[in-house]
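Enquirer: What follows is a single structure, and I will ask about it in a moment.
The values are calculated or read from the model by the stated rules, or taken from the named source; none is laboratory data. Keep in mind the model is a prediction, meaning the values are calculated, not measured. Methodologically, a virtual Cβ is constructed for each residue, glycine included, from the backbone with ideal geometry; neighbour enumeration extends over all protein chains shown. To get the accessible areas, we keep the full protein, side chains included, count just its heavy atoms, and leave off ligands, DNA and RNA. Shrake-Rupley method; radii C 1.70, N 1.55, O 1.52, S 1.80 Å.
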Amino acid sequence: MEFDTIILGAGAAGMMCAAHAKGRVLVTDHARAPGEKIRISGGGRCNFTNMHAEPGNFLSGNPHFCKSALARYTQWDFIDLVSRHGIAWHEKTLGQLFCDGSAKQIIAMLLEEMSRAGAELWLRTELRDLRKLETGFALALDREGTRHDLTCRNLVLATGGKSIPKMGASGLAYDIARQFALPVTETRPALVPFTFTDGRFKPLAGVSLPVRATAGGASFDEALLFTHRGLSGPAMLQISSYWREGEEIAIDLTGGAPLFEALRAQRQSAGRRALTTELARHLPARLVDALAADLGLSGNLADQSDTRLTTLCDRLADWRLTPSGTEGYRTAEVTLGGIDTEALSSRTMEAKSVPGLYAIGEAVDVTGWLGGYNFQWAWSSGDAAAQALRSA
């Protein structure tokens, strides 16, 4: 069987590419259903893009690489597509856009666009062999126990990264890249919770509060969530992409609030009350109790001098911790690193040394922040490859 283009991976990037490519296009995936990561994202409502998406929201060995694709297919283009399909959406916070209904609406939209473009979809299909031909590629696929030998002029790697292996995630794209001598950067779990092996935060599990979290030179003002195993919540997931093993993370538990001034005012009006009681007006009571011994929180508020209050507030604003590690790929939302962008054209996503081979989405060394940015990279990079395929 001959195809113009075969796309490996029926995720966000792969389906987007298939919806806009031309000719005879086949999309394959080992899963039972397409768009499984879309389905579970955003609590089942899919945080499909971010109104503030721009190149600065992405990590890569080459921070300029993503600029071309993001500029040519923007968040506004995808929002327009969603609206044209009658999918109601809303902004939740910080520019994050979600479906009012279900993430399945986004999957259905992409499938409809693929069908309109004439693309075929093969599920429960495994790649058994791949060879480069003089004018394309030869693939051996196992589709539900039946072998199919196919050829194509163009091959698109859209199989994603290693995050959430229980859904079938693997390093297939990296393996294929190496097969064709394309470099792959170091990969690691990103947007992932931190763990502490000493179990110190078990008593605080379920407590959350707004913080400023810092690691690797990056800071985020979002929520922190204590878990039985460590620290999670948007703030922690964000800085996990910048953190490296053995490094400290810094957490401003005051969230930037003028805590010193507030405590001084309370000292005038409620000085006879316990310091912990008054501090619990600003921080979760369970957290205050947990920090009491470490920070020396004792006595009444009236007993605290300005110097002691200043020291207390400074420590709360610069709480230093060294995580044991992270939850790893098991719960990581994305994979940091991937196919080296130096090997790809930023305009077409085609491999510079292997004509007809393209890489898009999470398989590439471009990783977005939490909040719809990684989906936007999928839409933008998928469209960039599709436009190149249309003109090929």
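Matching residues to (1) within 17 Å of GLY9 (Cα to Cα); (2) touching a strand residue (DSSP E or B) at 6+ places or on another chain (Cβ under 8 Å):
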position	(1), (2)
GLY356	yes, yes
ALA359	yes, yes
GLY372	no, yes
TRP377	yes, yes
ALA386	yes, no
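Enquirer: Let me ask another. In the list ALA235, ALA213, ALA250, ALA257, which residue meets the criterion of being open to solvent by less than 70 Å² (accessible area, probe 1.4 Å), more than 21 Å from the chain's Cα centre (by Cα) and under 20 Å from LEU191 (Cβ atoms)?
Expert: Result of the check over ALA235, ALA213, ALA250, ALA257: ALA250.
Enquirer: Need the failing condition index for GLY95 against (1) touching a His at 6+ places or on another chain (Cβ under 6 Å); (2) free of Cβ contacts under 8 Å to residues at least 60 places away in the same chain, just the number.
Expert: Of (1) touching a His at 6+ places or on another chain (Cβ under 6 Å); (2) free of Cβ contacts under 8 Å to residues at least 60 places away in the same chain, only one is false for GLY95: (2).
Enquirer: Does ALA262 qualify as being aliphatic (A, V, I, L, M), in contact with a helix residue (DSSP H, G or I) (Cβ under 7 Å, 6 or more places away or on another chain) and in a helix (DSSP H, G or I)? Don't jump to the end; show me each part of the working.
Expert: Values: aliphatic (A, V, I, L, M): yes; in contact with a helix residue (DSSP H, G or I) (Cβ under 7 Å, 6 or more places away or on another chain): no; in a helix (DSSP H, G or I): yes.
So ALA262 fails the test.
Enquirer: Name the residue, out of PHE48, PHE65, PHE78, that is aromatic (Phe, Trp, Tyr) and farther than 29 Å from GLU342 by Cβ.
Expert: Checking each option against the conditions leaves just PHE48.
Conditions (1) out of contact with any His (no Cβ under 9 Å at 6 or more places or on another chain); (2) at pLDDT below 95, marked per residue:
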| site | (1), (2) |
| --- | --- |
| LEU139 | no, no |
| LYS166 | yes, yes |
| ALA169 | yes, yes |
| THR187 | yes, no |
| LYS202 | no, no |
| LEU224 | yes, no |
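Enquirer: How many residues are among the polar types (S, T, N, Q), buried (at least 16 other Cβ atoms within 10 Å of the Cβ) and touching a strand residue (DSSP E or B) at 6+ places or on another chain (Cβ under 7 Å) if we restrict to segment 307-346?
Expert: 3
Enquirer: Would you pick out the residues in segment 368-387 that are of a type in the set (S, T, N, Q) and buried (at least 24 other Cβ atoms within 10 Å of the Cβ)? Walk me through it before giving the result.
Expert: Keep residues of segment 368-387 that are of a type in the set (S, T, N, Q), which gives 374, 376, 380-381, 387.
Correct list: ASN374, GLN376, SER380, SER381.
Enquirer: Looking at segment 88-107 only, could you name the residues that are more than 15 Å from GLY371 (Cα to Cα) and either at pLDDT below 95 or of a type in the set (D, E, K, R) (or both)?
Expert: Scanning segment 88-107 gives ASP100, LYS104.
Enquirer: Where in segment 20-116 are there helices (runs of 4 or more DSSP H), lying fully within it, with 2 or more residues that are of a type in the set (A, V, I, L, M, F, W, C) and buried (at least 21 other Cβ atoms within 10 Å of the Cβ)?
Expert: Fully inside segment 20-116 and qualifying: 67-72.
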